[in-house]
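Structure record follows, encoded as structure tokens.
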Amino acid sequence: MRFLTAGESHGEGIISILEGFPKGVKIETYFIDRELARRKSGYGRGDRMQIEEDKVEILSGLRNKITLGSPICMLVRNKDKKIFTQEKDFLPPLSVPRPGHTDLAGCLKYEEKDIRNILERTSARETVSRVCIGAVCKQFLNNFNVNLGSFVVGVGKIISSYKPKSVREIIEKTSSSKLNCIDREKEKLMIKEIEKAKAEGDTLGGIVEVWADNVVYGLGSGWHWDRRLDAKIAYYLMSIPSVKTVEIGGGINYAQSRGSQSHDAICFSKSRSKLGLKNCFFRKSNNAGGIEGGISNGETIVVRIAAKPIPTLINPLSSVNLSNKKAEKAIVERSDICVIGALGVIAESMLAIALTEAFLDKFGSDTLKEIMRNYKSYVKANF
């Protein structure tokens, strides 16, 4: 399975193409639209979120809501259109790059002096495609009772230490949250921090955790470096704009403990219900984050990501004009103050894509019926 995205931030729209997705999976557009709405939410988002409607149009790959096995093409139209493929837009060139953005590196790479020709594609607007494709993959994973959830751990220096017990708890406790946070007291402090940054013309980054439970053991491979499940997940999550750190399970804290304190002891039960198994290996702790040796071990997959502050500042940093090489303040484009509340939705999508790919590698990829047969046979044959 592979996917391709196309489109510019202020172009006609954002396109997603998903190839190699199995036949026979029911896909509901309302589910995709709900995920797109979640992407727009979160305290600290900018005016663009109120402008765009973000409704998906599925152009190919389905008949009567059921996937055909052919490439799936999805379109989300941009309401705020400013550039066109065949018409002149008369927008003034942007010449002063923003520190922390792709502006300068992109201009140097593509021999460009108008930053708009770089920022239109490198904008986080592209993540609309990730959410569309992730929503399709989530609907596939639902057939195997795999659930995903995310929550904000921290904004700036405000960090919550609360740990949920399950994805269900995450979903329940974030459903009424302004910031996708499960710690109400810390959420209040995070919102105050965002308000303070906004008043000072500044921006904030933060930390998000993403969980996936009921993931069958055996996804990924320890035999080949490029098929390790943790490596794939890290690669996909690091591709999200602004993400600078990816941790699996205990992450950095794992490295600061002794082995006797950090590794997850193995237990066995004939009655513990897990994935429908009668006999089940399990762990009482999950510092490994559900993955050992590049292979899922049946425990909840736990991933933590950290994102840098938004590069566009109302009070911009110093920069250099690309045209005359003179010092100037960086350009100011309409932007968010903090996107951490929505980052988890994008991270869920990328994790869903990674898990679906690993699932298809393990159980086949032509039809849902074939995959289900292989999955049930595999689980039934557990030792």
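The orientation-averaged projection of the convex hull spanning the C-alpha atoms of the range 237-360 amounts to 12.2 square nanometres. Taking label positions 7 Å along the Cα-Cβ direction at both SER161 and ARG2, the computed distance is 4.7 nm, reported to one decimal. A DSSP coil position with no more than 12 other Cβ atoms inside 10 Å describes the following trypsin sites (Lys or Arg not before Pro) in the range 302-383: LYS325, LYS326, ARG334.
Over all alpha-carbon pairs in the range 1-63, figure out the percentage whose distance exceeds 21 Å. Write out the running numbers ahead of the final one.
Working: 646 of 1953 pairs.
When all Cα pairs of the range 1-63 are counted, 33 percent exceed 21 Å.
In the chain, helices alone account for a calculated mean residue ellipticity at 222 nm of -10000 deg cm²/dmol, with every DSSP H run of four or more residues adding -39,500 (n - 2.57). Taking amide H as placed 1.01 Å from N in the peptide plane, the amide H of SER319 sits under 5 Å from that of GLU328, LYS329, ALA330, each at least 5 places away or on another chain.
What trypsin sites (Lys or Arg not before Pro) in the range 88-192 are in a loop by DSSP, with at most 14 other Cβ atoms within 10 Å of the Cβ? Passing sites in the range 88-192 are LYS88, LYS113, LYS157, LYS165. Here's the picture: a label point sits 7 Å out from the Cα of SER323 along the beta-carbon direction, and within the range 85-111 the residues with their amide nitrogen under 18 Å of it are 89-98, 104, 107-108, 111. Selection among SER349, PHE84, ASN147 by position relative to the dipole of the range 2-380 gives ASN147 as farthest towards the positive end (Cβ unit charges, Cα centre).
Scaling against 2.2 N^0.38 Å puts the C-alpha radius of gyration of the chain at 1.04. With the highest mean first, a sort of the peptides 143-150, 77-84 on other beta-carbon atoms found within 10 angstrom per residue produces 143-150, 77-84.
In the chain, the longest principal axis of the Cα atoms and the axis of helix 229-238 are about 20 degrees apart. Spatially, the range 81-132 and the range 208-241 are offset by 30 Å when compared through their Cα centroids. Taking 0.36 nm per residue of separation and subtracting the current Cα-Cα distance, fully stretching the chain between LEU59 and LEU91 would add 8.4 nm.
With the cut-off at 1.5 for a/c, could you classify the range 1-129 from its C-alpha gyration tensor as rounded, prolate or oblate?
Working: a/c = 2.23, a/b = 1.78, b/c = 1.25.
Since a/c reaches 1.5 and a/b is larger than b/c, the shape of the range 1-129 is classed as prolate.
Tilt of helix 29-40 relative to the longest C-alpha principal axis of the chain, in degrees (0 to 90, nearest 10)? Once rounded, one gets 60 degrees.
Farthest toward the positive end of the dipole of the range 2-380, out of VAL303, GLY156, ILE340, is the Cα of VAL303, where the dipole comes from beta carbon charges about the Cα centre. Against the chain, whose longest principal axis comes from its Cα atoms, helix 368-380 is set at around 50 degrees. Dipole magnitude of the chain about its Cα centre, charges +1 at Lys/Arg Cβ and -1 at Asp/Glu Cβ only, in debye to the nearest 20? Magnitude of the dipole: close to 1040 debye.
We did not get these values from a lab; they are worked out from the coordinates using the rules stated. Note that the structure is predicted; figures quoted are calculated from it, not measured. Here the Cβ is made from the backbone with ideal geometry for all residues, glycine too, and neighbour counts use every protein chain on show.
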